[in-house]
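Asks: What follows is a single structure, and I will ask about it in a moment.
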Amino acid sequence: MPDVEDYGSFETAWCPGCGNFPLLKAVKEGLAAAGLEPCRVLFVSGIGQAAKAPHYLRANLFNGLHGRALPVATGAKLANPGLTVIAESGDGCMYGEGGNHFLAALRRNIDLTVLVHNNQVYGLTKGQASPTSGAGFVTKAQPAGVWSEPFNPVATAVSLRAGFVARGFSGWGDHLADLIRQAIEHRGISLVDILQPCVSFNKVNTFAWYRERVYDLPGEYDPRDWEKAMKISMEWGERIPLGVVYRGERRAFDDAFTTLSEGPLAGRNTDRDLLERIMDRYA
Amino acid sequence: MRRTIVHSVGDSAFNVLIGGEAGQGLVTVGQLLAKSLVRSGFAVVVTQGYQSRIRGGHNSFSIRFGGGALAAPQEAVNLLVALDQETVRIHGGDIRQDGLVLLGEGLDPGGLASLKVPLRELAEERFSNVVALGAAASLLGLDEEVVVKAMSRTFGGRKAGVAEGNRNALGKAYQWAAAFDLPVESPPAPPLVPLRLMMNGNEAIALGALSAGVRFCAFYPMTPSTTIPLALAGWAGEAGLVVEQAEDEISAVNMAIGASFAGAPSLVATSGGGFALMTEGVSLAGMTETPLVIVIAQRPGPATGLPTRTEQGDLEFVLHAGHGEFPRAILSPGSVEECFQLTRRAFALAEKSQGPVFVLTDQFLADSYRDVKPFDIRSLEPVTAGSPVAGVKVPYERYADAADGVSPRLLPGLTEHLVVADSDEHTRDGHLTEDLDVRRQMVEKRLRKQEILLGEVVPPSLEGAGNPGILLVSWGSVKGAAEEAVSTLRAAGRSAAAMHFSQVWPLAPGQFLEIMRSAERVICVEGNATGQMARLIRRETGFEVREKILRYDGLPITPEYILREIQGGG
């Protein structure tokens, strides 16, 4: 069985005290708990401080373009269904630039794990509003405060009946590691929206701000109840629920392609009789 | 208004144009007639003109056929099959003096020689298009059984009553038309020839991709490219492909890159506007060194332009698409056969150079059915994605230095090695870096791969001898028209040659510059308004192509168009 050490330890480009550090630790713990060897895991990330995270552990990695982690992850998963594919990036990348891909991936319910570092701000470009910034959040780009309603990824995912929808907090490491393990083990799309304070550019949603508000969904909460999940997914502000918000029963998109039951698309033989038969249809 | 008609070698060919509204079944009639001609041993070149609507408007399906090889469309019409009045109005001027209009009894031939078909007498209204088919096929002297067989393949799956109705309507039309002859005879059926296929450019691209080992295709529907992914989707189950309609073109190209990274030979197909959305992904394929085949079926722009017409306006766009510097190759098929062969070549080049390779075609070729000699598809080798694991240096580095710039490409999850790829500038092991010495080394490593592509450039073809009086230079779908124009000029005693580029990037001047210099007049023939190929030749060689024959009204370049321009310009 692999352990956390197998996932390595690297120097990072993050600020001291960044919410990404405990998050990275929880990712490694979740992977180890799921019993996955690094060479069986593919991370796909976009651009942003969060998207650098997979560079700081040992696994296969495709670090692509801003907003485009999910399409690359989708293509890779469909090419090799045996890979555990994890798309990891920030709120700007997944919910802003990649918003259309986020909706499409949820609708497909493809077997991907989606880890979103949600710090409600753009860090790498130094402090502009993100799609999840609260209304009134003041930045140099939004000096009068954010006008738009914040995007609610959890409610969006539940409304589309995505396979597995959870919210974690990087201040709750063990809890988060367990959510990540469950997300990886779920077949179908699994979203873990991770509250991750940005200590440099978000002076509102700090570790202390989150700690005062977050609570664990109680044991009797049934994540299979879609209507209750919709209601819980809308809870934000004074109290913020953490844990598995929704678990659906939809079939994984991967099952739509019967050929994938035969394994990876790489290295397959071309059926030359079939080629000839197909060509003959044009006779 | 009657246009000046320049007769070309087409005098031995015969042109049937079927016109009507969308929804009247004229494409079905056209396909059946073309198929029957091919099965009777004729060569065909189909030109489809349609509007961006599902019903109504004016559509045309023209079939030029003959006993010998044909490779170009023809403007002059021998037989006009008018399913509506609009067809007579639009195409009446294209009818040759010895031509004929075949039309329903309610329509007005406008003084042209015509034959009115008693549609209502022969069949119910819903079978009118089959009556038109039968009358035309009978006049052309096609064996009724050939048409019946083609029809049973198309309508075979329909309800018994429909198939029977079609069969009866065809028989009635044949009986009726037996009493009439064309003003001039259509070409006689050639002696028995080996079996030919009937295929359009997009179908040949899809089949070429299949034989090359394509395993993944993502697309967002866009005319005139959509029938490529649709053909692949039709084969996906039996051939073990994954074809996915993405949420947008940005997603499509990124999905294909992800699939290719994971080992599936991958293709995307689109047109100009969709490709505009893909350009960031082209750059990503260049930076991450991921093989990718991108098919672009051009249509007139800018913006939405003329969505269903043809143009060659995106050469410079495709050449420059994607930020940053990285190698690429652009293939530009000139025939349906080349669509098949060059798509196969694109897969091989993409894998070999680990980057993006383009197939640049257009609406005319995409939709143009031709008779095609069956490919020796059994003996053609597919590509193998990735490099063998044996012999890779440990620890494995995805971007290990290599003399030719090509690093061993392992596939993630299929070995115990870790594969790391990055869109940031990266170290040899694939992790992002801002080390500026590494940056310089990586730029040079990527650009060294251009030499591989340069070593495999498809040489331009030359029809005719060196030192010609007129050298027509063409690329992409214009090939057939330019070559036919040249043979007409030569038949009239003029010194002419045709040079065709089936690959427009990279260019290898050693393959063509001397021939251009040896010609008295060099004329670039292009389907765009500014002469993009002429400009590219000058940029790469310093040779100025002084004359251009350009077309940008949405219609394909024909031999007649070229000859008119040459005659008009002296």
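The values are calculated or read from the model by the stated rules, or taken from the named source; none is laboratory data. A quick note: this is a predicted structure, and the numbers were derived from the prediction, not measured. Cβ atoms come from the backbone with ideal geometry, glycine included; neighbour counts cover every protein chain shown. Accessible surface areas use protein heavy atoms only, side chains included; no ligands, DNA or RNA. Shrake-Rupley method; radii C 1.70, N 1.55, O 1.52, S 1.80 Å.
Asks: Based on the Cβ-Cβ distance of residue B:461 and residue B:160, what FRET efficiency does E = 1/(1 + (r/R0)^6) give at R0 = 45 Å, to the nearest 0.05?
Replies: After rounding to 0.05, the efficiency reads 0.35.
Asks: What is the ratio of the Cα radius of gyration of the protein assembly as shown to 2.2 N^0.38 Å, with N the residue count, to two decimals?
Replies: Output field value: 1.07.
Asks: Which whole-Hz ³J(HN,Hα) couplings does segment B:12-27 yield from phi under the Karplus relation 6.51 cos²θ - 1.76 cosθ + 1.60, θ = phi - 60°, glycine and proline marked x?
Replies: 8, 10, 9, 10, 9, 10, 9, x, x, 7, 4, x, 8, x, 6, 5
Asks: Are there any residues in segment B:391-414 with a reduction of at least 30 Å² in accessible surface when going from the isolated chain to the assembly of protein chains? Probe 1.4 Å, please list them by number.
Replies: Those residues are B:412, B:413, B:414.
Asks: Now for a separate question. Can you tell me the FRET efficiency between residue B:325 and residue A:277 if r is taken as the Cβ-Cβ distance and R0 is 56 Å, rounded to the nearest 0.05?
Replies: FRET efficiency, residue B:325 to residue A:277: 0.80.
Asks: Something else now. Of the accessible area of segment A:42-154, with the probe set at 1.4 angstrom, what percent is carbon plus sulfur?
Replies: Percent of accessible area from carbon and sulfur atoms in segment A:42-154: 55.
Asks: Moving on to the next point. Name the long-range amide H neighbours of residue B:426: under 5 Å, sequence gap of 5 or more, or other chain; modelled H, no Pro or chain starts.
Replies: Amide H to amide H, under 5 Å and 5 or more residues apart or across chains, residue B:426 pairs with B:433.
Asks: Report in % the part of the accessible area of segment B:9-177 that belongs to carbon and sulfur, leaving out ligands and nucleic acids; probe 1.4 Å.
Replies: Result for segment B:9-177: 48 percent of the exposed heavy-atom area is carbon or sulfur.
Asks: Chymotrypsin sites (Phe, Trp or Tyr not before Pro) within segment B:142-201: which are DSSP loop residues with at most 14 other Cβ atoms inside 10 Å?
Replies: Listed in order of number, the matching sites are B:180.
Asks: What is the spin-label model distance, in nm, from residue A:3 to residue B:494 if the labels are put 7 Å beyond Cα along the C-beta direction?
Replies: My value for the distance between the label points is 8.5 nm.
Asks: For segment B:517-570, which trypsin sites (Lys or Arg not before Pro) are both in a DSSP coil and crowded by at most 15 other Cβ atoms within 10 Å?
Replies: Qualifying residues, ordered by number: B:546.
Asks: Determine the per residue accessible area of chain B with all protein chains present and a 1.4 angstrom probe, expressed in square angstrom.
Replies: Solvent-accessible surface per residue comes out at 37 Å².
Asks: With label points built 7 Å along Cα→Cβ from the Cα atoms of residue B:435 and residue A:11, find their separation and express it in nm.
Replies: Taking the simple label geometry, residue B:435 and residue A:11 are separated by 1.1 nm.
Asks: Please report the antiparallel percentage of the DSSP beta bridges confined to chain B, to the nearest 5.
Replies: For chain B, the DSSP antiparallel bridge percentage is about 35.
Asks: Tell me whether segment B:198-379 comes out rounded, prolate or oblate; compute the Cα gyration tensor, take square roots of the eigenvalues as a ≥ b ≥ c, and use a/c under 1.5 as the rounded threshold.
Replies: rounded
Asks: From the square roots a ≥ b ≥ c of the eigenvalues of the alpha-carbon gyration tensor of segment B:386-456, which class results: rounded (a/c under 1.5), prolate (a/b over b/c), or oblate?
Replies: Oblate is the answer for segment B:386-456, as a/c is 1.5 or above yet b/c matches or exceeds a/b.
Asks: Helix-only estimate, please: 222 nm mean residue ellipticity of chain A, summing -39500 (n - 2.57) across DSSP H runs of length 4 or more and dividing by its residues, to the nearest 500.
Replies: For chain A, the value works out to -8000 deg cm²/dmol.
Asks: Carbon-plus-sulfur fraction of the accessible area of segment B:190-298, 1.4 Å probe, in percent?
Replies: 62
Asks: Which ³J(HN,Hα) values in Hz, rounded to whole numbers, follow from the phi angles of segment A:61-75 under the Karplus curve 6.51 cos²θ - 1.76 cosθ + 1.60, where θ = phi - 60° and Gly and Pro get x?
Replies: Values, residue by residue: 8, 10, 9, x, 9, 4, x, 10, 4, 5, x, 5, 4, 4, x Hz.
Asks: Can you tell me the accessible area per residue over segment A:151-222, all protein chains present, probe 1.4 angstrom, in square angstrom?
Replies: Here the per-residue accessible area is 37 Å².
Asks: Can you work out the FRET efficiency for the pair residue B:89 and residue B:514, with r the C-beta to C-beta distance and R0 = 35 Å, to the nearest 0.05?
Replies: About 0.10, to the nearest 0.05.
Asks: Give me log10 I(q)/I(0) at q = 0.14, 0.21, 0.27 Å⁻¹ for segment A:207-283, Debye formula, one equal scatterer per alpha-carbon, no solvent.
Replies: Taken in order of the listed q values, log10 I(q)/I(0) reads -0.68, -0.99, -1.20.
Asks: Here's something else I'd like to know. What is the set of long-range amide H partners of residue A:163 at a cut-off below 5 Å, with H atoms built 1.01 Å from backbone N?
Replies: A:189
Asks: If I model a spin label at residue A:141 and residue B:403 as a point 7 Å from the Cα along the Cα→Cβ vector, what separation in nanometres do I get?
Replies: Result: 4.9 nm between the two label points.
Asks: What residues of segment B:498-530 lie in the reach of a label at residue B:544, counting those whose backbone N is under 16 Å from a point 7 Å from the Cα along Cα→Cβ?
Replies: Backbone N within reach: B:517, B:521-524.
Asks: Further question on the same structure: How large is the accessible surface per residue of segment A:7-107, computed with a 1.4 Å probe and reported in Å² as a whole number?
Replies: Per residue, segment A:7-107 has 25 Å² of solvent-accessible surface.
Asks: For a protection proxy built on the mean count of beta-carbon atoms within 10 angstrom, sort A:171-182, A:115-126, B:298-309, B:100-111 highest first, please.
Replies: A:115-126, A:171-182, B:298-309, B:100-111
Asks: Chains A and B: buried accessible surface, both sides, probe 1.4 Å, rounded to 100 Å²?
Replies: Buried: approximately 5000 Å² between B and A.
Asks: Another one. Count neighbours as other Cβ atoms within 10 Å of each site's Cβ, and list the trypsin sites (Lys or Arg not before Pro) in segment B:457-515 that are DSSP loop with at most 13 such neighbours.
Replies: When the trypsin sites (Lys or Arg not before Pro) of segment B:457-515 are filtered for loop state and at most 13 Cβ neighbours within 10 Å, B:494 remain.
Asks: Can you tell me how much longer the chain between residue B:97 and residue B:175 gets when fully stretched, taken as 0.36 nm per residue apart minus their C-alpha distance, in nm with one decimal?
Replies: Value of the extension gain: 25.4 nm.
Asks: Quick one: which residues, 5+ away or cross-chain, put their amide H under 5 Å from the amide H of residue A:61? H built at 1.01 Å from N.
Replies: Under 5 Å from the amide H of residue A:61 lie the amide H atoms of A:43, B:419, B:420, B:421, each far enough along the sequence or on another chain.
Asks: Still on this model: Is there a pair in B:352/B:373; B:35/B:548; A:126/A:228; A:52/A:203; A:52/B:445; A:52/A:77 whose C-alpha atoms are over 31 Å apart, and which pairs would that be?
Replies: Beyond 31 Å: B:35/B:548; A:126/A:228.
Asks: Rounded if a/c is under 1.5, else prolate if a/b is larger than b/c, else oblate: which is segment B:9-177, with a ≥ b ≥ c the root eigenvalues of its Cα gyration tensor?
Replies: rounded
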